[in-house]
Amino acid sequence: MMDERLKEMDERIRELRRVAEELKDIGGDIEAVRRNVERILASVRILELNICDVEDLERDV
Amino acid sequence: MEERSIYWNPILERMPRERLQELQLRKFKRILRWAYERSPFYRRLYQEAGLEPEDIRSFEDIRRVPKVEKGMLREVQQRPPFPYGDILAVPLEEVTAFRQTSGTTGTPVYQADSWQDWEWWSECWAYILYAQGYRATDRVFIPFGYNIFVAFWAGHYAAEKIGCEVVPGGVLDTQARILKMQELRCTAFMATPTYVLGMADVARNKLGIDPRELGIKRITCAGEPGASIPTTKRRMEEAWGCPVYDHIGATEIGAWSYECTFQPGGLHVNEAFFLVEIEDMETGELIEEPGREGKMIITAFDRLAKPCIRFDSKDVIRWADYECECGRTFRLIDGGVIGRADDITKVKGVLLAPTAIEEVVRGFPELGDEYEVIVSKKGDMDDILLKVEIRPGYEGSREEILARLRDQLRLKTNLGYRIEVHPYGSLPRYDVKAKRFKDLRKRE
């Protein structure tokens, strides 16, 4: 059960990163977009530490 | 669902030990490669040791990675980019926050953090506060002079992240802080043990308020070991009528250890975010068994702007020979930090090196060679008495000399002193090793 939730959360977090980076690209030189996406990505990174690192480990075992 | 409610992240906090160690090894390799590729300081250090990131394949290999000492952090600051030196692993423009160590052991170490690092700092503290029962229903008062020292900054951000309402008690004096806590019906606060006791004293004796009537439900301590010293913890808990929890962190490292609501007598090491190694102080041998004291070598896995890899903290700790009933698989250290590998000690929450006092005293040609420092407890507060001698011929300038001495001591050590002048030649003289620094505070 937890394995399934972990996998699902991992997928969503990766999606968050992908969408945020796309938004940053589209925003180009608009600082209000770039800087706020940077902050979002910093939060995404913390989710990765909490969830994706574990899922990576499980996947490779 | 109910069982999970005591954990900030049950996936990491309850991870089987074997898996947790696999995760630690992976994360160690990742931060080592990050530093090697981006920080000239770390690359030099590892290349000089003939070490490449791919050489690390096991926990045993980690022991081959050179340690970093505080002096190295000071030296590297002489290199560009100003003011951090080439230990930086991100471009300077990505640094968003400056903090520094107190500088009582020498030149302060400047700490660079990116926004990513601040997210990490507050996440580390979220683990701490959640484990100590902080919830969105708490109104948290922070009686801390928000400044260049890291202290409770991350505690502030973490409390916000948890959803608490945070009241920053920055520039208020102690009485005003207590009255504000009363007015706002705050439910928790964070302070050094000395200040926790000092606030209780002011509440009782200056304001006629019983601290137990203020409705505080939990207190988190930092900066001094008091919350892990049973008698001091008990004194604080009796004064405020609530649990007092300890946590340990440092500017160069992060917040790496915490007591949980089960209060087993030790602190959990956040092993998902840090690698703690305990090393024998004489032989350097790795200590795995409980109960044996050694100095801590620590790695922060996820701190990026100024990585902290195998930092020789000089903190003396020991693994606990008991487990916590909370269910966390993170190992416990028994009784918090139980000392320092060098002579540095904490007074009034500030790291104090006897050498820093010596440096100041000996810088005054009007003062004799001998001096004595006595640290003791006056009530609940630390007290520092400095005994000096004035050389013959300078007695007429006594008050001016002492005023300058106080200023210099404050500047150098961030502490205030009581100063006694003794007749020239009357202080103890030593033939071999001097004992000029006496810490009369007793731990039980």
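The values are calculated or read from the model by the stated rules, or taken from the named source; none is laboratory data. What you are looking at is a predicted structure, and each value in this text was computed from that prediction instead of being measured. Counting neighbours? That spans all protein chains shown, and the Cβs are built from the backbone with ideal geometry, glycine included. Accessible surface is based on the protein model in full, side chains and every heavy atom, while ligands, DNA and RNA are left aside. Shrake-Rupley method; radii C 1.70, N 1.55, O 1.52, S 1.80 Å.
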Point to revise | Matching residues in the range B:292-308 - criterion: being surrounded by 24 or more Cβ atoms within 10 Å (Cβ to Cβ) and farther than 27 Å from B:R14 by Cβ | key: B:A305, B:K306, B:P307
Study note, to complete from the structure: Only one of B:D55, B:D86, B:D61 is open to solvent by less than 60 Å² (accessible area, probe 1.4 Å), of a type in the set (D, E, K, R) and under 24 Å from B:F330 (Cβ atoms), namely B:D61
Point to revise | Boolean, A:L23 is in a helix (DSSP H, G or I) and facing another protein chain (nearest Cβ under 10 Å) | key: no
Review point. Does B:N270 satisfy the condition of being open to solvent by 40 Å² or more (accessible area, probe 1.4 Å) and not hydrophobic (A, V, I, L, M, F, W, C)?
Key: no
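Give me the residue from the range B:361-397 that is hydrophobic (A, V, I, L, M, F, W, C) and over 24 Å from the mean Cα position of the chain (by Cα) and, out of that set, surrounded by the fewest Cβ atoms within 10 Å (Cβ to Cβ). Give the derivation first.
Kept after step one, since they are hydrophobic (A, V, I, L, M, F, W, C), are these residues of the range B:361-397: B:361, B:364, B:367, B:373-375, B:381, B:384-386, B:388, B:390.
In the following step, the residues that additionally are over 24 Å from the mean Cα position of the chain (by Cα) were identified as B:361, B:364, B:367, B:386, B:388, B:390.
On the way: B:V361: 21, B:F364: 18, B:L367: 21, B:L386: 20, B:V388: 23, B:I390: 20.
It comes out as B:F364.
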Exercise for review: Can you tell me which residue among B:S58, B:S114 is within 14 Å of chain A (Cβ to nearest Cβ) and of a type in the set (S, T, Y)?
Suggested key: B:S114
Check your understanding: From the list B:S122, B:S102, which one is among the small types (G, A, S), out of contact with any Pro (no Cβ under 6 Å at 6 or more places or on another chain), within 30 Å of B:G327 (Cα to Cα) and open to solvent by less than 60 Å² (accessible area, probe 1.4 Å)?
Key -> B:S122
Exercise for review: Could you tell me whether any residue of the range B:401-422 is in contact with a helix residue (DSSP H, G or I) (Cβ under 8 Å, 6 or more places away or on another chain), charged (D, E, K, R) and farther than 24 Å from B:L197 by Cα?
Suggested key: yes
Review point. How many residues, within the range B:23-32, are open to solvent by 70 Å² or more (accessible area, probe 1.4 Å) and more than 20 Å from A:D60 (Cα to Cα)?
Key: 0
Practice item. Could you tell me whether the range B:199-210 includes any residue that is within 14 Å of chain A (Cβ to nearest Cβ), within 19 Å of B:C242 (Cβ to Cβ) and assigned to a helix (DSSP H, G or I)? Key: no
Review point. Taking interchain pairs and intrachain pairs at least six residues apart, which have beta carbon atoms under 6 angstrom, with the first residue in the range A:42-61 and within 7 Å of chain B (Cβ to nearest Cβ) and of a type in the set (G, A, S) and the second open to solvent by 50 Å² or more (accessible area, probe 1.4 Å) and part of a helix (DSSP H, G or I)?
Key: A:A42/B:W115
Check your understanding: Across the range A:28-37, which residue is least open to solvent (accessible area, probe 1.4 Å) among those that are within 14 Å of another protein chain (Cβ to nearest Cβ) and in contact with a helix residue (DSSP H, G or I) (Cβ under 7 Å, 6 or more places away or on another chain)?
Key -> A:V37
Exercise for review: Determine whether the range B:20-33 contains at least one residue that is among the charged types (D, E, K, R) and away from chain A (no Cβ under 14 Å).
Suggested key: yes
Revision key, fill the gap. Exactly one of A:D56, A:D25 is within 21 Å of B:I31 (Cα to Cα) and surrounded by fewer than 16 Cβ atoms within 10 Å (Cβ to Cβ), and that residue is A:D56
Exercise for review: Identify all residues within the range B:277-317 that are within 14 Å of another protein chain (Cβ to nearest Cβ), under 19 Å from B:F59 (Cα atoms) and either in a strand (DSSP E or B) or out of contact with any Phe, Trp or Tyr (no Cβ under 7 Å at 6 or more places or on another chain) (or both); write none if there are none.
Suggested key: B:A300
